[in-house]
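Engineer: The structure's right below; bear with me while I get my questions together.
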Amino acid sequence: MASFGVGIDSYCLNPLRLDPFALLEWVAEQGGEGVQFSEIHLPPGRQADAAFLEDLAGAARAGGLYLEWGGGQHVPYDTTTWQPKDLMPGNRRAAEQARALGTGVVRSCSGGFFRWGDDAPSTEELLDAMATALRPQRRMLEDLGVTLAIELHFEFTTHELVRLLENCDAEPGGWLGVCLDTFNMLPMLEDPVAGTERILPWVVATHVKDGGLALEGDGFLSFPVTVGEGVVDLRSVLERLATLGRPINLSVEDHGGSFKTPFFDPGFLTRFPDLTALELSRLVATARLGGERLQASELRVTERDEWPGLCEARTRAGLDNLWRLVREIEAETR
């Protein structure tokens with residue numbers, strides 16, 4: 001069974017603007033085991049230089065905490081203008097920082113909701129461009145001992161990322177992998193358990209996020225909720241992750257906001273050619289249950305402007321719920 005470290009993604013507490021050292025202290029006080037950094041708020045007078053990275057690595061070692069780093073990108077375009085963009089300098093910088101920190105994971109996130117509009121290149125064009133841009137980075141990442149972990153965001157499905165990874169001649173556990181976000185598959189019309197099964201060999205990092213799903217208007221409404229209290233079958237996801245033969249860190253991610261996926265629109269639905277009737281039926285069943293819970297006030301949408309006042313309590317509750325679930329799974333598999 002894979003061993004789990006349980007921590008948070010820094011985005012949970014981003015409104016508090018804690019510096020990285022204070023963030024590590026907060027996590028340790030809650031019984032967490034590490035942080036995946038989506039962003040950093042530098043202490044006054046500090047720069048993200050070698051001395052800072054050394055101090056941060058030392059603080060994590062002293063507390064027995066894992067570190068995972070951010071700053072990677074995988075879409076070789078400026079997604080505001082769709083002009084080509086050279087990814088190598090930024091990814092090299094992030095990978096060098098990760099090596100200095102003693103971590104082997106750089107999370108990569110490049111935006112999202114590309115197929116919700118008509119401005120972006122087609123998904124297949126993006127996947128081809130990504131493969132062309134990422135293949136030359138293999139040697140750099142292997143030399144630094146770092147995996148670029150593409151987040152399951154609002155960009156590509158697990159079907160598409162598997163094709164990308166294979167097109168890059170990447171091997172599971174090597175220079176290119178996936179950060180599994182357990183909620184983000186819902187807006188992308190994927191059942192989280194089925195999506196996890198498809199992408200499982202490539203998972204090197206996680207965002208453990210829970211949510212609600214309901215039928216609304218022309219499709220689905222999805223929204224994050226406290227980890228362990230939503231419609232995502234986290235137990236089944238973690239049971240599958242437990243079959244991996246390497247340690248996996250479970251980083252809670254939570255935030256406000258909601259997302260609409262207009263799958264009743266035939267034109268929109270054609271942008272998800274891998275979607276099967278079976279998986280869509282699972283999502284509809286989940287949405288019916290989520291809608292009932294929403295009507296009963298068992299679930300609610302947290303607006304983004306509410307999040308600063310809720311972030312600590314909800315992240316703490318999510319950590320507690322995740323720890324409880326991990327211990328249950330570990331006890332059952334002994």
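The values are calculated or read from the model by the stated rules, or taken from the named source; none is laboratory data. Bear in mind the structure is a predicted one, so any value in this text is a computation, not a measurement. With ideal geometry, Cβ positions are generated from the backbone for all residues, glycine too; neighbour counts draw on all protein chains shown.
Engineer: Across segment 57-84, what is the total count of residues that are assigned to a strand (DSSP E or B), free of Cβ contacts under 8 Å to residues at least 24 places away in the same chain and under 21 Å from residue 95 (Cα atoms)?
Structural biologist: 1
Engineer: Is there any pair linking a residue in segment 102-124 that is at positive phi to one that is assigned to a loop (DSSP other than H, G, I, E, B) and hydroxyl-bearing (Ser, Thr, Tyr), with Cβ under 8 Å and at least six apart or on different chains, and which?
Structural biologist: 111/79
Engineer: Could you say whether any residue in segment 76-87 is of a type in the set (A, V, I, L, M, F, W, C), touching a Phe, Trp or Tyr at 6+ places or on another chain (Cβ under 8 Å), surrounded by 14 or more Cβ atoms within 10 Å (Cβ to Cβ) and within 19 Å of residue 106 (Cα to Cα)?
Structural biologist: No, segment 76-87 contains no residue that is of a type in the set (A, V, I, L, M, F, W, C), touching a Phe, Trp or Tyr at 6+ places or on another chain (Cβ under 8 Å), surrounded by 14 or more Cβ atoms within 10 Å (Cβ to Cβ) and within 19 Å of residue 106 (Cα to Cα).
Engineer: Checking the structure you have, find out if any residue of segment 39-53 is small (Gly, Ala, Ser), surrounded by fewer than 16 Cβ atoms within 10 Å (Cβ to Cβ) and either assigned to a loop (DSSP other than H, G, I, E, B) or in contact with a Gly (Cβ under 6 Å, 6 or more places away or on another chain) (or both).
Structural biologist: Within segment 39-53, one or more residues are small (Gly, Ala, Ser), surrounded by fewer than 16 Cβ atoms within 10 Å (Cβ to Cβ) and either assigned to a loop (DSSP other than H, G, I, E, B) or in contact with a Gly (Cβ under 6 Å, 6 or more places away or on another chain) (or both).
Engineer: Could you figure out which of (1) surrounded by 14 or more Cβ atoms within 10 Å (Cβ to Cβ); (2) within 14 Å of residue 186 (Cα to Cα); (3) charged (D, E, K, R) isn't true of residue 288?
Structural biologist: For residue 288, the exception is condition (1).
Matching residues to (1) within 20 Å of residue 207 (Cα to Cα); (2) in contact (Cβ under 8 Å) with a residue 40 or more places away in the chain; (3) crowded, with 18+ Cβ neighbours inside 10 Å; (4) in contact with a Phe, Trp or Tyr (Cβ under 7 Å, 6 or more places away or on another chain):
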{"position": "140", "(1), (2), (3), (4)": "no, yes, no, no"}
{"position": "155", "(1), (2), (3), (4)": "yes, yes, yes, yes"}
{"position": "172", "(1), (2), (3), (4)": "yes, no, no, yes"}
{"position": "176", "(1), (2), (3), (4)": "yes, yes, yes, no"}
{"position": "189", "(1), (2), (3), (4)": "yes, yes, yes, yes"}
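Engineer: Now, a different point. I'd like the full set of residues that are over 22 Å from residue 165 (Cβ atoms) and either among the β-branched types (Val, Ile, Thr) or within 23 Å of the chain's Cα centre (by Cα) (or both), limited to segment 72-90.
Structural biologist: Residues satisfying the conditions are 78, 80, 81, 89.
Engineer: Report, by residue number, each residue of segment 285-316 that is touching a Gly at 6+ places or on another chain (Cβ under 8 Å) and assigned to a helix (DSSP H, G or I).
Structural biologist: 290, 293, 294, 304, 305, 306, 307, 310
Engineer: Could you list, in sequence order, the residues of segment 240-265 that are more than 20 Å from residue 279 (Cα to Cα) and outside any loop (DSSP other than H, G, I, E, B)?
Structural biologist: Those that are more than 20 Å from residue 279 (Cα to Cα) and outside any loop (DSSP other than H, G, I, E, B): 241, 248, 249, 250, 251, 252.
Engineer: Do we have residue 203 as farther than 24 Å from residue 289 by Cβ, among the β-branched types (Val, Ile, Thr), modelled with pLDDT of 95 or more and buried (at least 16 other Cβ atoms within 10 Å of the Cβ) here?
Structural biologist: yes
Engineer: While we're here: Could you please find all residues in segment 167-217 being part of a helix (DSSP H, G or I) and either small (Gly, Ala, Ser) or more than 22 Å from residue 70 (Cα to Cα) (or both)?
Structural biologist: Answer for segment 167-217, where residues must be part of a helix (DSSP H, G or I) and either small (Gly, Ala, Ser) or more than 22 Å from residue 70 (Cα to Cα) (or both): 167, 192, 193, 194, 195, 197, 198.
Engineer: Considering each residue of segment 1-38, count those that are under 26 Å from residue 242 (Cβ atoms), outside any loop (DSSP other than H, G, I, E, B) and not aliphatic (A, V, I, L, M), and give that number.
Structural biologist: Number satisfying all stated conditions: 9.
Engineer: Filter segment 245-258 for residues that are out of contact with any Phe, Trp or Tyr (no Cβ under 8 Å at 6 or more places or on another chain) and modelled with pLDDT of 95 or more; which is surrounded by the fewest Cβ atoms within 10 Å (Cβ to Cβ)?
Structural biologist: The residue in question is 254.
Engineer: Does segment 122-134 contain any residue that is surrounded by fewer than 19 Cβ atoms within 10 Å (Cβ to Cβ), at pLDDT 95 or above, touching a helix residue (DSSP H, G or I) at 6+ places or on another chain (Cβ under 8 Å) and not in a helix (DSSP H, G or I)?
Structural biologist: no
Engineer: For segment 218-239, give me the residue count where each residue is in contact with a strand residue (DSSP E or B) (Cβ under 7 Å, 6 or more places away or on another chain) and assigned to a loop (DSSP other than H, G, I, E, B).
Structural biologist: 7
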